[in-house]
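The values are calculated or read from the model by the stated rules, or taken from the named source; none is laboratory data. Source: prediction; values computed, not measured. Methodologically, a virtual Cβ is constructed for each residue, glycine included, from the backbone with ideal geometry; neighbour enumeration extends over all protein chains shown.
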């Protein structure tokens, strides 16, 4: 489906304060990844709230086994491409592996992704002390931050694979505490990945900032998926927390619209997409 900009419904740009207002009003936030201008235009057409240029591009676009080979130059390139396809949808870009190693490097990366590439916010994984310093430094320079906890893909080797986090009480308590510390450091929202449903609900209720789930259950303030997963085109086994929205539909546009409708209605994620 070709997207004629003249046919895209007019709407107010989504903002970070607007996402906070959505949480307060109980309106679910719809986030989806994009890596190029054409897919970004499809997100814009469907009225998606947030586009995420994830370092997941290392796996679904570049063909790597993890996100670790993705560089800052890669992220800038793809973020610039996605920005050209958007108008009202808020754009967030991932900080790639080791871009957060110290405050000077994280500020340089944030400046490039926002100032050069056109992102409105950056996403950073973890809650270690240097990450909290990075969040505080970015927000002090008016760069909004999306934190990322739970199954953090850049820690794949530490976890021993892409494993669900927070099944044990001690780990669950730690994730709740980490969520509160990233909020206190200045994070404006949180992506929570690969945790049991009960923990997803617990984290969401404990925070004032929006919590966007991916494999974190239906009680989060919004949902995000990798677009290749929700279109059923990722090679290999699709993650349990995903769903093929293209199946039974005749276009990418229809699949994205169905995803957005199901997130907003609460139909997705269903029990079969969640972890106990």
Worksheet item: Within region 10-64, which residues are in contact with a helix residue (DSSP H, G or I) (Cβ under 7 Å, 6 or more places away or on another chain) and either assigned to a helix (DSSP H, G or I) or without any contact (Cβ under 8 Å) to a residue 12 or more places away in the chain (or both)?
Response: 37, 39, 40, 42, 43, 45, 46, 57, 60, 64
Discussion item. Tally up the residues in region 78-99 that are more than 16 Å from the chain's Cα centre (by Cα) and within 27 Å of residue 18 (Cα to Cα), please.
Written reply: 7
Worksheet entry | Filtered residue count, region 99-131, keeping only those that are surrounded by fewer than 20 Cβ atoms within 10 Å (Cβ to Cβ) and closer than 24 Å to residue 176 by Cα | 5
Item to complete: Considering only region 244-267, state which residues are in contact (Cβ under 8 Å) with a residue 12 or more places away in the chain, assigned to a loop (DSSP other than H, G, I, E, B) and surrounded by fewer than 22 Cβ atoms within 10 Å (Cβ to Cβ).
Response: 244, 246, 247, 251, 266
Worksheet item: Can you name every residue in region 136-173 that is at pLDDT 85 or above, closer than 23 Å to residue 102 by Cα and surrounded by fewer than 19 Cβ atoms within 10 Å (Cβ to Cβ)?
Response: 136, 139, 140, 141, 142
Worksheet item: Limited to region 202-218, what total is found for residues that are without any contact (Cβ under 8 Å) to a residue 24 or more places away in the chain and either out of contact with any strand residue (DSSP E or B) (no Cβ under 7 Å at 6 or more places or on another chain) or within 15 Å of residue 276 (Cα to Cα) (or both)?
Response: 1
